[in-house]
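> One structure is given below, represented as structure tokens, and several questions about it will come after.
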There are 2 protein chains.
Amino acid sequence: MKYPSTILNLIECFKKLPGIGEKTAERLALSVLDIDSETIDIFSNSLKDSKTKIKRCTKCNNLSESELCEICKDKNRNNKILCVVEEPKNVILFEKLNIFDGYYHVLDGLISPIDGINPEDLNISSLVDRVKKEKIEEVILALKPSIEGETTSLYISRILEDLNVKISKIAYGIPIGAEIDYVDSLTLEMALENRMDISTNKDS
Amino acid sequence: MKYPSTILNLIECFKKLPGIGEKTAERLALSVLDIDSETIDIFSNSLKDSKTKIKRCTKCNNLSESELCEICKDKNRNNKILCVVEEPKNVILFEKLNIFDGYYHVLDGLISPIDGINPEDLNISSLVDRVKKEKIEEVILALKPSIEGETTSLYISRILEDLNVKISKIAYGIPIGAEIDYVDSLTLEMALENRMDISTNKDS
């Protein structure tokens with residue numbers, strides 16, 4: 001004896017989502033029975049839409065339901081600065097801060113030879129094209145501080161070397177509010193290496 | 001700037017599931033984009049089916065896609081014993097053990113006056129009817145050891161009192177493998193109260 005096939009199907013589908021095991025999938029599948037029909041309709045249709053409506057912006061590769069994403073459509077942003085990120089969700093992170101008003105470029109991954117991900121698998125050539133065509137003045141690399149992130153940052157800075165564009169990298173260091181004793185040694189090393197001059201005596 | 005509306009809808013729907021907050025919902029919604037179309041179709045259709053196909057068994061109130069559930073349809077089980085459980089998922093739990101071969105009766109809740117759940121809100125009258133009509137010889141109450149569970153067990157045992165049926169309750173006590181020192185006092189009290197005679201000297 002098992003659950004009705006509809007429930008079994010739901011359990012299998014929930015198990016395909018990251019971080020959801022057998023027990024949680026069972027709990028979620030059963031909880032679906034308590035959700036109102038209207039929400040179920042939206043849920044069901046949105047799942048289908050995710051395969052049909054969601055595309056990538058032809059310019060920055062961000063998630064979009066039209067040819068250009070909402071950010072690339074916005075003419076009131078600073079068109080001299082590009083922020084390079086790994087994934088679409090990083091764009092949202094920066095947008096939530098409400099302090100960056102340039103445009104983005106989504107690589108869709110990081111260079112990782114062990115995983116067989118090479119520069120040509122990422123949206124790097126389109127980045128080079130944009131820097132040239134859009135006369136970008138600064139490219140901010142906002143990639144994660146891992147071997148893959150550093151490799152990708154290095155690769156991009158080399159490939160943009162001759163294009164007369166400023167290339168910067170977001171700061172890696174001690175997170176605000178953290179106890180220095182508990183920060184890992186690599187972060188501490190980065191923080192020391194990237195130290196900033198704050199001397200007020202400009203003659204020194 | 002926000003996510004495309006399809007993603008926003010998915011985030012809202014995932015948030016309706018138990019134990020899923022804003023961050024997890026966002027992660028799950030984005031992960032949907034990486035799932036193959038076939039799975040998405042099954043997922044989407046199963047969600048719709050959950051509202052249309054899943055019914056309750058007219059006999060035992062278990063989840064079912066037909067009038068009678070798979071267990072009630074099975075004629076090879078012991079038709080003298082009924083196991084009373086709170087929810088459909090409890091049926092699956094017992095079935096997985098593969099040691100109980102009687103039939104079930106799903107109450108769909110427990111008596112809880114504070115939450116406004118009274119005996120008439122549960123499938124108790126149908127239980128009484130079954131005990132009479134199906135000439136049940138034993139009713140096993142397999143409800144959770146909480147105030148609500150105990151209240152419901154007591155209520156059912158009173159209401160079945162005059163029907164010449166044996167009423168039993170699953171044992172509450174120290175779980176197998178647990179350290180006695182770490183068991184809560186209520187469980188220990190239950191375990192002591194429900195102690196079993198294991199003396200080999202039958203004359204004592």
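> For the rotation taking chain A to chain B, which residue of A has the Cβ nearest the axis, and how many Å away is it?
So the closest residue, with its distance, comes out as A:Ser44, 2.
> Give the average, rounded to an integer, of partner chain Cβ atoms located within 10 angstrom of each Cβ in B:87-93.
3
> Helix-only estimate, please: 222 nm mean residue ellipticity of chain A, summing -39500 (n - 2.57) across DSSP H runs of length 4 or more and dividing by its residues, to the nearest 500.
-12000 deg cm²/dmol
> Magnitude of the Cβ-charge dipole of the protein assembly as shown, K/R +1 and D/E -1, about the Cα centre, nearest 20 debye?
Taking the Cα centre of the protein assembly as shown as origin, the dipole is about 1260 debye.
> If each of A:Asp41 and B:Leu68 carries a label point 7 Å out from its Cα toward its Cβ, how far apart are those two points in nm?
Reported label-point gap for A:Asp41 and B:Leu68 is 3.6 nm.
> Ignoring everything but the protein chains, give the 1.4 Å probe accessible area of A:Ile71 in square angstrom, nearest 10.
Probe radius 1.4 Å; accessible area of A:Ile71 about 10 Å².
> Rounded to the nearest 10 Å², what accessible area does B:Ser125 have for a 1.4 Å probe in the complete protein model?
Rounded to the nearest 10, that gives 80 Å².
> How would A:Thr58, A:Thr152 rank on accessible area, largest to smallest, probe 1.4 Å? Show your work: numbers first, answer last.
On the way: A:Thr58 95, A:Thr152 0 Å².
Listed by decreasing accessible area, they come as A:Thr58, A:Thr152.
> Between A:Ala171 and B:Glu138, what is the label-to-label distance in nm when each label sits 7 Å out along the Cα-to-Cβ direction?
7.3
> Expressed as an acute angle from 0 to 90° and rounded to the nearest 10, what is the orientation of the C-alpha long axis of helix A:88-97 relative to the principal long axis of chain A?
70
> Can you tell me how region A:74-169 classifies by the Cα gyration tensor, rounded, prolate or oblate, using a/c under 1.5 as the rounded cut?
Oblate, because a/c is 1.5 or more while a/b does not exceed b/c.
> Report Rg (one decimal) and Dmax (nearest whole number) for the protein assembly as shown, counting Cα atoms only, units Å.
30.6, 104
> Right, here's the next one. Hey, got a sec? Which GluC sites (Glu not before Pro) in region A:140-204 land in a DSSP loop and have at most 15 other Cβ atoms within 10 Å?
A:Glu179
> Just to be sure I understand the model, the point goes 7 Å from the Cα along the line to the Cβ. What's the resulting B:Thr151 to A:Leu154 distance in nm?
My value for the distance between the label points is 6.7 nm.
> For A:Cys83, list long-range residues whose amide hydrogen, built 1.01 Å from N in the peptide plane, is under 5 Å from its own amide hydrogen.
Under 5 Å from the amide H of A:Cys83: A:Tyr103, A:Tyr104, A:His105, A:Ile140.
> If you don't mind, another one. Between A:Asp115 and the same site in the other copies, what are the distances in nm, shortest first, taking label points 7 Å from Cα along the C-beta direction?
Sorted ascending, the copy-to-copy spacings read 4.3 nm.
> Now for a separate question. Label region B:89-129 by shape, choosing from rounded, prolate and oblate, from the square roots a ≥ b ≥ c of the eigenvalues of the Cα gyration tensor; if a/c is under 1.5 it is rounded, and otherwise prolate applies when a/b is larger than b/c, oblate when it is not.
Numbers: a/c = 4.60, a/b = 1.89, b/c = 2.44.
The shape class here is oblate.
> Over 21 Å between Cα atoms: which of B:Lys59/B:Lys89; B:Lys75/B:Lys132; A:Lys16/B:Lys73; A:Lys59/A:Lys132 fall into that group?
Result: A:Lys16/B:Lys73 exceed 21 Å.
> Counting only the heavy atoms of the protein chains, how much of A:Arg27 is accessible to a 1.4 Å probe, in Å² to the nearest 10?
That residue has around 110 Å² of solvent-accessible surface.
> Shortest first, in nm, what separates the label point of A:Ile159 from those of the same position in the other copies (7 Å along Cα→Cβ)?
Computed spacing set for this position: 7.1 nm.
> Heavy atoms only, probe 1.4 angstrom, no DNA, RNA or ligands counted: give me A:Leu97, B:Leu10, B:Leu33 ranked by accessible area, highest first.
A:Leu97, B:Leu33, B:Leu10
> With a 1.4 Å probe and all protein chains kept in place, how do A:Lys80, B:Lys75, B:Lys144 rank by accessible area, largest first?
My answer, sorted largest first, is B:Lys75, B:Lys144, A:Lys80.
> Once both axes come from the Cα atoms, what is the angle between helix A:5-15 and the longest principal axis of chain A, in degrees from 0 to 90, rounded to 10?
10
> Please determine, in degrees from 0 to 90 and to the nearest 10, the orientation of helix B:37-52 with respect to the longest principal axis defined by the Cα atoms of chain B, where the helix direction is its Cα long axis.
Taking Cα atoms only, the helix is inclined about 50 degrees.
> What residues have an amide H closer than 5 Å to that of A:Lys169, excluding those fewer than 5 places away on the same chain, when H is modeled at 1.01 Å from N in the peptide plane?
Hits under the 5 Å cutoff: A:Leu141.
> Using the 7 Å Cα-to-Cβ label point, sort the distances from B:Ser31 to its equivalents in the other copies shortest first and give them in nm to one decimal.
1.4
> Another question, then. So for region A:74-169, taking the charge dipole from beta-carbon charges (+1 Lys/Arg, -1 Asp/Glu), which of A:Leu127, A:Asn78, A:Phe94 sits furthest toward the positive end?
The residue sitting farthest along the positive end of the dipole is A:Asn78.
> Here's a follow-up. Suppose R0 equals 22 Å. What FRET efficiency, 1/(1 + (r/R0)^6) with r the Cβ-Cβ distance, do B:Lys51 and B:Asp129 give to the nearest 0.05?
Computed FRET efficiency for B:Lys51 and B:Asp129 comes out at 0.15.
The values are calculated or read from the model by the stated rules, or taken from the named source; none is laboratory data. No experiment lies behind these values; they were computed from the predicted model shown. Note that each Cβ is placed from the backbone with ideal geometry, even for glycine, and that neighbours are counted across all protein chains shown. Remember, those area values only see protein heavy atoms, side chains included, never the ligands or the DNA or RNA. Shrake-Rupley method; radii C 1.70, N 1.55, O 1.52, S 1.80 Å.
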